[in-house]
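Note sheet for the following structure.
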Amino acid sequence: MLSSPWTRFYSNSCCLCCHVRTGTIILGVWYLIINSVVLLILLSALTDPDQYHLTSAELGGEFEFMDDANMCIATAISLLMILICAMATYGAYKQHAAWIIPFFCYQIFDFALNTLVAISVLVYPSTIQDYLHQLPSNFPYKEEIMSVNPTCLVVIILLFISIILAFKGYLISCVWNCYRYINGRNNSEVLVYITTNDTAVRMLDHREKLCLILCLIS
């Protein structure tokens, strides 16, 4: 019997041997907490801009960090992420597969961005040194990082990104398996409902026929 190539990656369990629904709920709550903390920091920065305002002299460049426009954009993104994470958590808890799709799409988008970063580092390794030169002079461990061999630095960064991509890919598979599980469970429940109703209708038809026969006989 032939099966889809995606079937071999399907599993009802994820890390720590918990169910994919539980894993998706934990993941959604974790992202929800992180984005809520980020939102609180952004809102406090908006109410007190002087506390988080860094001038170009402090950064060693010709730009300012987190101006009002960037703060508003970051706040809007945090609100959107909180909504997406809440939908995923609710969808996994209440077994609504459609509510998980936005969070799954965000995971794919995030994975694609990290993949592009890895490709850019691999194709243009000199960009790492350019980025290090643009960092402020008081950036922690800047001199130590710049003293590392450029080839070794590229290998370390690519290894670090590869580990991140592997972890993100595993989380994507967990959420996808949760979506498939809920979708398959809902479809099976609908099938059982239809089959039960069809059986009930057939039983009623047989009873009506039997009553008609008894009436004709009498």
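The values are calculated or read from the model by the stated rules, or taken from the named source; none is laboratory data. Bear in mind that the values here come from a model prediction, so they are computed numbers and not experimental data. Counting neighbours? That spans all protein chains shown, and the Cβs are built from the backbone with ideal geometry, glycine included. For the accessible areas, the whole protein counts, side chains as well, though only heavy atoms, and no ligand, DNA or RNA atoms are used. Shrake-Rupley method; radii C 1.70, N 1.55, O 1.52, S 1.80 Å.
The helices (runs of 4 or more DSSP H) falling completely within segment 1-79 that include 3 or more residues that are of a type outside the set (Asp, Glu), open to solvent by 90 Å² or more (accessible area, probe 1.4 Å) and at pLDDT 60 or above map to 20-47. Condition first: closer than 22 Å to LEU79 by Cα, touching a Phe, Trp or Tyr at 6+ places or on another chain (Cβ under 6 Å) and not acidic (Asp, Glu). Can you find one or more residues in segment 103-113 that meet it? Checking segment 103-113: not a single residue is closer than 22 Å to LEU79 by Cα, touching a Phe, Trp or Tyr at 6+ places or on another chain (Cβ under 6 Å) and not acidic (Asp, Glu). Could you list, in sequence order, the residues of segment 137-155 that are surrounded by 14 or more Cβ atoms within 10 Å (Cβ to Cβ) and of a type outside the set (Lys, Arg)? Once the filter is applied, which keeps residues that are surrounded by 14 or more Cβ atoms within 10 Å (Cβ to Cβ) and of a type outside the set (Lys, Arg), segment 137-155 yields ILE145, MET146, LEU153, VAL154. Filtering segment 93-103 to residues that are open to solvent by less than 50 Å² (accessible area, probe 1.4 Å) and within 10 Å of VAL175 (Cα to Cα) leaves ILE100, PHE103.
Each residue in segment 108-138 was checked for being outside any helix (DSSP H, G or I) and hydrophobic (A, V, I, L, M, F, W, C), and 1 of them qualify.
Conditions tested, residue by residue: (1) without any contact (Cβ under 8 Å) to a residue 60 or more places away in the chain; (2) under 29 Å from ILE41 (Cα atoms).
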site	(1), (2)
HIS96	no, no
PHE109	yes, yes
LEU113	yes, yes
GLN129	yes, no
HIS133	yes, yes
PRO136	no, yes
ILE156	yes, no
LYS168	no, yes
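Does at least one position in segment 116-123 carry a residue that is farther than 22 Å from ILE33 by Cβ and of a type in the set (Ser, Thr, Tyr)? The answer is yes; a qualifying residue exists.
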